[in-house]
Structure formats: C-alpha cells, structure tokens
Amino acid sequence: MKKLTSAPYLLWMAIFVVVPLFMVAYFAFTDQSGAFTLENIIKTGQYTPIFVKSIAFAAISTAICLLLAYPLSYILSTMKVSYQGTMLLIIMLPMWMNFLLRTYAWQTLLGNNGIINNLLGVIGIGPFKLLNTNGAVILGMVYDYIPFMILPLYTVMAKIDKSIIEAAEDLGCSRIQSIIKITVPLSIPGIISGITMVFVPAISTFIISKMLGGSSNLLIGDLIEMQFLGNSYNPNLGAGIAFVLMIIILIVMAVINLIDKSDSDDKVLM
Amino acid sequence: MEKNIISLRNVSVTYGDETVLKNINLDIRDKEFVTFLGPSGCGKTTTLRIIGGFLTPDTGTVTFEDTQINNVPPYKRNINTVFQKYALFPHLNVYENIAFGLKLKKFKKDEIHKRVSDMLRLVNLTGYEKRNIAQLSGGQQQRVAIARALVNHPKVLLLDEPLGALDLKLRKEMQRELKKIQQQLEITFIYVTHDQEEALTMSDTVIVMNNGNIQQIGTPVDIYNEPVNAFVADFIGESNIMNGIMVRDRLVNIFGHDFECVDTGFGENNPVDVVIRPEDIRLISPDDAKLCGKVTSVIFKGVHYEMTIVSDDFTWLVHSTKAAEVNSVVGMEFDPYDIQIMNKMEEDK
Ligand SMILES: Nc1ncnc2c1ncn2[C@@H]1O[C@H](COP(=O)(O)OP(=O)(O)OP(=O)(O)O)[C@@H](O)[C@H]1O
Ligand SMILES: [Mg+2]
C-alpha cells in the first residue's frame, strides 16, 4: 500500500531529479565526441578566483540576511497574533514582483543618474559610483533572498511556547538573556534551513551580478550560463563547472549539518 | 502575626469585553501558605500571572513588601513560578533545567550541584539528571518544574496546580513534602488548585474565587464551618443548602419549622440560605423529630454511610456511621451551632 502511494513521487523524483543529475555528470565527464575525459573538471580549476568570489559573495549575503532577518522575525513572532499574518504579508509582498523587474529597479535606483545619486546631489554630495560595484551585487542578493531567511526563522520562532520564555524570565532572565539562552537555541533549525535556502541560490546566482555588478563582475552562475547560451558555447565545460559547484554546495551543507548535530549531541551529554 | 508581603488593591483585568478579574482585594502575609480555590476559568491563573509580573492589571495596584510593583518585570521580582503547563526548557536536560536559575544568579558550581542534587532527591528524580525533557512522563515533568522553581529559594513561590498530573499516592506524598519545605524554608506559598481537600489540608489561608470575584478569604476551618454564601458552601465539601427565613436573631425557619441557631444580624423575616453539613445530621426516631423523611438510598463509603433522605421535596444528604433501611421513614435533628446562615447571593455581580 505504502509502496503504491509513493510511486508517483518516486517517478517524479526519477524523471526530474535523478535523470538530470546523471546527465550533468555525464556531460561533465565527456568531451564533444562523447568520450570519457577529466578535461572539464581540470579546466574548471582555472576559474578558482571566480569560485572563491562566488562563495564569498554568497556567504556575505547569507550572513547579512541572517543578521537582518533574525531580529525582524523575533519581533514579528512576539507581536499580537492577529497582526503577524498582515506583517508577514507586507514583508513578502515584494516577492510577488518578478525577480528581473526588482533587479532592474535597483539598477535605476543606483545608477549615476539614479534617484539616490540625484537626491545626494540636492544636498551637494556625490555622485558616487554605486552601480557596478561588489556592494551593489551583495545588496541585490540580500534584497532578493532575504524572504527565504525570514520565513523559516519566523515559522520556528512562532512555534516556541510563550510560557517557556516566561519561565526563563521568571528564573531571572532579562529580555536579552532569554533571547540568548532560549530563543536562539530553540530556533537553530530555522537558522539552518534559512542559511540553506539563501546560500544555495546565492552561490549559483546569475543576472544579479551582471545587472548590478557590471559585465566584468562574473560569478559562477554567469560563467555556467555563458557555456550554454553565450558565444563561448561549451556544454561539457558548463556541466563540469556545475558539477564542481554541486560538490562544493554539498560539502558546505554537510558541514552546517555537522555543526547542528554536534550541538544537539552536547545537550544529551552535558 | 507576620506582616503583609503581597497586596492587591482593586485589581481588574479585562480581555476584550470579558472582565476576568473584578476588583480583587487581598493581602498575603509573609511565610503563609495561601491557596486559591475555585472552578475552572474563575481567574486563578490570571491572578497568579499578575503577582508573577507576566500581566499588568488594567486597574489597581500590586505591592510587594510595601513597594508598588505593577511595572516591575518578572526577572526583578523575588518570586518564582511553577507553571500550570510546566513550561520546561526543551533544549536542556533535567539537571540544566533545574540549575537554570542558579546559573543566572552566578552561584558557584559545587553549590549549584549540591542544591540541584538535593532538589532531585526531594522530588524523587535522582538519577534522571541527564534525561531529556521529552523523555519524561507528565508527572515527572511536573516534578522537574517544581524543583526548578524551588531550588532558587525565592521569597514567594507561585504554584499553579503543581500536582495535577500525579497519581493519588504521589500526590499525597508531594503535598506533605511541599508543606514541609514551605515550613522549613519559610517561603510564602501561593498555591492554586481545583481540589478542595488539597486546599483544606495544606493551607493557612484559603481564597475561594468564582467568576473573577473573591467569594471568601479565611482559614480552612472558617471556610468549611462558616461559608459566607451558598457557592462557597457548595464548593467546599458536601452540604445541604436550602432556603430559610430568618425569623429573628438566633431563630431560623426551614420547611415551616423553627430551629434555634447561633447566628445574628440577618434582620427579621429575611430570606436566607441555610447550610447544614451531612455529617452534622443525626438520625432519630420520627416521633421525636421536627423533620422526617424517607430514605431513598444508602451507599457504603468506608468510614461512613452516605444516605439521601427526601423530605418536603428536598433531598437531604446525610453521613452516618449507622445505616438506615432504604424506604424507611426517619427523623433528623441537628444542633444549633451546626446550622450555618448565609445571605442570599446577589445575582451574578
Ligand atoms: N490571554 C487571554 N485572552 C482572553 N481571555 C483569557 C486569556 N487568558 C485567560 N482568559 C480568560 O480568563 C478567564 C480566567 O482564566 P484563568 O486562566 O485565570 O482561569 P483559571 O481559574 O486558572 O482556570 P483553570 O482552573 O482552568 O486553570 C477564562 O475565562 C479565560 O478564558
Ligand atoms: Mg489556571
């Protein structure tokens, strides 16, 4: 019975997850003629600086998202229940706009003749170079991905029983101490999934870097896109880079989960 | 007599358009064991939350040792709470839960260890130090909650139905332990329960609540023997509550017969409520009695028999060590001081 009901999902997984994975792997380890080769993987090595930069950008954006989203989610979860839904809706509203449109909006805001520089001009400073900088790319990433951090954090925090916080305060915790000693440890699952949901798309992001970082500001995502759609057409190399990226993401996730595990083991041992 | 440690003056709380506490006034003396007793939803937990600092009353003042503390946050009050729903920290084990308050107060490690171990012994959970909270039964969780609050030796301990999840034997045992601790450590206990027997056996003072109002404050003996109204009489122990007419001081008329009593100050020819406890009624020969009735049931209760006797459409509850025959006609008598006269309750104030 169980087997029967899970069959459609297994089929779905096979067609849309397993098969594409195998195809990426197949392309990554073959050349144009279809013969086995390690060339693509080895060639990926020459893009190490771009890999490093992409990982750094993704890590920085994830960290900023976490720092911004955590207090916000906390405040949200302590608000009157009837307000929480409305506030969440307002926060999520920009998400309903197309992602390209949002990025274009930032382009016009940040440009040399953009609104921000014009406003600064009024009070006699600037114009500053805002567009086509690393900062602009990170800003774009944070703006686009922060809802994926807020949602899991808020969900976990809203589930923490209020009486547990009250008990902590009863035993002598100030508000800040109760956050550190109770809310943070109990929201670790939310932190982990928030990091995952921001870091993974951020590390393979493209377009944002191109639109806000300028054409010279390449990230891995752009690099992979070029191998498939650009003039340096080379699907095998593209698959090779994608394959290496996947391995990197897997390692990062494994490390994060390991931290989570050791943390919960502590609880039992102490 | 000890001085007051906590006082509430004209305290009211309203949620939406429902007033759940109506002008509460009470004083709690230092080192006293005070119990709030009342039916579900009458406002016991709400009153405790005000004392603990989790709720600010809409009107009125709360004072602690003569200082107004309406807006003092819980962590600055020398009060600890055993919550009705335990509220244990799920990410900490039993030991860490109990040690939580002491660690915050920066106690030395060996002092913490000693106190926690003592507590664990007290609540019968030695050996459970490293257990996860999720791996405990309801009763065990409840005992951890008691230990977690008590270990801090607060001046005042609030206990919201702390023994609700325990079986009868453990419950009795914990009742004795709690009472002993309260006397040894000289902590003021403010205790909430539904269980009138628990309230009567443990407390120095009982506060009977109903519907957001305090009905009566008194010693267990006072509350039992001299309930101020039919609600209290009915809630505390079994009782016969009937309509009567106060003919004049020391004379009351029930079911058309005049009875001597000891109460005064209820006016003349005033309708009153009359309470007579089942154990105060003696069965006598119908020939010698003003009140006669037919026995409709006899149930053996261990120490005594519980009988119902119908007379003038009123069903009397009588406890006696001697059983009467079902369907026989018996007479009933009682002494003047066993008749308790009460004012009629104002309709839902
Ligand atoms: N946060 C709240 N919002 C609205 N109404 C509430 C709230 N808390 C309590 N009440 C209401 O206040 C009344 C008193 O509640 P309280 O918890 O003090 O009762 P209680 O005497 O402790 O009952 P129990 O013995 O069942 O625990 C109830 O009618 C309850 O519905
Ligand atoms: Mg309650």
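Read-outs: derived from the displayed coordinates by stated rules, not from any lab. Everything numeric here is computed off the predicted structure, so don't read it as measured data. With ideal geometry, Cβ positions are generated from the backbone for all residues, glycine too; neighbour counts draw on all protein chains shown.
Below is a table of values for the structure above.
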| read-out | value |
| --- | --- |
| Separation between Cα centres of the stretch B:302-349 and the stretch A:190-248, rounded to whole Å | 87 |
| Residues of type aspartates and glutamates that B:Lys105 reaches as a straight line, Cα spacing below 20 Å, ignoring anything fewer than 8 places off in the same chain | A:Glu166, A:Glu169, A:Asp170, B:Glu96, B:Asp118 |
| Inter-part distance where the stretch B:69-127 and the stretch B:150-191 are each reduced to a Cα centre, Å | 14 |
| Charge dipole of the stretch A:38-263 about the Cα centre (unit charges at C-beta), most positive-ward option of A:Asn98, A:Pro147, A:Met157 | A:Asn98 |
| Dimensionless Rg over Rh [the stretch A:197-260; C-alpha; Kirkwood] | 1.05 |
| In the stretch B:268-318, the GluC sites (Glu not before Pro) that fall in loop regions by DSSP, at most 16 other Cβ within 10 Å | B:Glu268 |
| Shielding by partners - mean other protein chain Cβ count within 10 Å, residues of B:68-78 | 3 |
| For A:171-177, mean number of other protein chain Cβ atoms within 10 Å | 6 |
| Amide hydrogen neighbours beyond the local backbone of B:Val20, cut-off 5 Å, H modeled | B:Val13, B:Thr14, B:Tyr15 |
| Highest to lowest packing among B:214-221, A:200-207, scored as the average C-beta count within 10 Å | A:200-207, B:214-221 |
| Gyration tensor over alpha-carbon atoms, the protein assembly as shown, equivalent ellipsoid semi-axes in Å | 73, 28, 24 |
| FRET efficiency, 1/(1 + (r/R0)^6) with R0 41 Å, evaluated for B:Lys105 and A:Leu67 via beta carbons | 0.85 |
| Electrostatic dipole magnitude of chain B [Cβ: Lys, Arg +1; Asp, Glu -1; Cα centre; debye, to 20] | 2660 |
| Sites A:Met253 and B:Lys169 - FRET efficiency at Förster radius 51 Å, r taken between beta-carbons, to 0.05 | 0.50 |
| Cα radius of gyration and Dmax for the stretch A:38-263 (Å) | 20.7, 66 |
| Candidates B:Asp287, B:Asp312, B:Asp17: whichever shows maximal mean-square fluctuation once chain B is modelled as a Gaussian network with Cα springs under 10 Å | B:Asp17 |
| Placed amide H near B:Tyr191: partners under 5 Å, 5+ positions off or other chain | B:Val34, B:Thr35, B:Phe36, B:Leu159 |
| Signed unit charges on C-beta, dipole axis of the protein assembly as shown, positive-most listed residue A:Ile188, B:Ile223, A:Ile75 | A:Ile188 |
| ³J(HN,Hα) computed for each position of the stretch B:181-188 - Karplus, 6.51 cos²θ - 1.76 cosθ + 1.60, integer Hz, glycine/proline x | 4, 4, 6, 5, 7, 6, 9, 6 |
| Charged-residue dipole, Cβ positions (Lys, Arg, Asp, Glu), the stretch B:238-343 about Cα centre, Debye nearest 20 | 240 |
| Note, ³J(HN,Hα) from phi for the stretch B:260-265, Karplus 6.51, -1.76, 1.60, rounded to Hz, x at Gly and Pro | 6, 9, 10, 8, 9, x |
| Per principal axis, descending, Cα span of the stretch A:151-253 in whole Å | 66, 27, 17 |
| For B:87-96, mean number of other protein chain Cβ atoms within 10 Å | 5 |
| Exposed trypsin sites (Lys or Arg not before Pro) absent - longest run of chain A, DSSP non-H/G/I/E/B, at most 14 other C-beta within 10 Å | A:130-270 |
| Pair B:Ser297, B:Asn25: separation of 7 Å Cα→Cβ label points (nm) | 4.3 |
| Spin-label model distance (nm) - A:Ala158 vs B:Glu2, 7 Å beyond Cα toward Cβ | 4.5 |
| When each of B:Lys103/B:Lys179; A:Lys53/B:Lys103; B:Lys85/B:Lys344; A:Lys261/B:Lys172; B:Lys3/B:Lys179 is checked by Cα-Cα distance, pairs over 32 Å | A:Lys53/B:Lys103; B:Lys85/B:Lys344; A:Lys261/B:Lys172 |
| Span-rule helices in chain A, defined as complete DSSP H runs reaching 20 Å or more along the axis (Cα) with Kyte mean at least 1.6 | A:188-203 |
| Gain on full stretching of the segment that runs from B:Glu325 to B:Ser137 - 0.36 nm per residue minus C-alpha separation | 63.0 nm |
| Pairwise centroid distance, computed over Cα atoms, of the stretch B:1-59 with the stretch A:10-34, Å | 69 |
| Rg/Rh (Cα only; Kirkwood hydrodynamic radius) as it applies to the stretch B:136-253 | 1.08 |
| Full-extension gain in nm, B:Arg282 to B:Phe334, via 0.36 nm per residue minus C-alpha separation | 18.1 nm |
| Label-to-label distance, nm, for residues given as A:Arg102 and A:Leu4 (7 Å Cα→Cβ offset) | 4.4 |
| Rounded to whole Hz, the Karplus (6.51, -1.76, 1.60) HN-Hα couplings of the stretch B:322-327, x for glycine and proline | 10, 8, 9, 7, 4, 6 |
| Unit charges on C-beta of K, R, D, E only; dipole of the protein assembly as shown, Debye | 3500 |
| Within straight-line cross-link reach of B:Lys155, aspartates and glutamates at Cα separation under 12 Å, skipping those fewer than 8 residues along the same chain | B:Asp30, B:Glu32, B:Glu65, B:Glu186 |
| Lysines with Cα under 23 Å of B:Lys290, excluding same-chain neighbours fewer than 8 positions away | B:Lys322 |
| At 0.890 mPa s and 25 °C, Stokes D of the stretch B:4-230 from Kirkwood alpha-carbon radius, µm² per second | 136 |
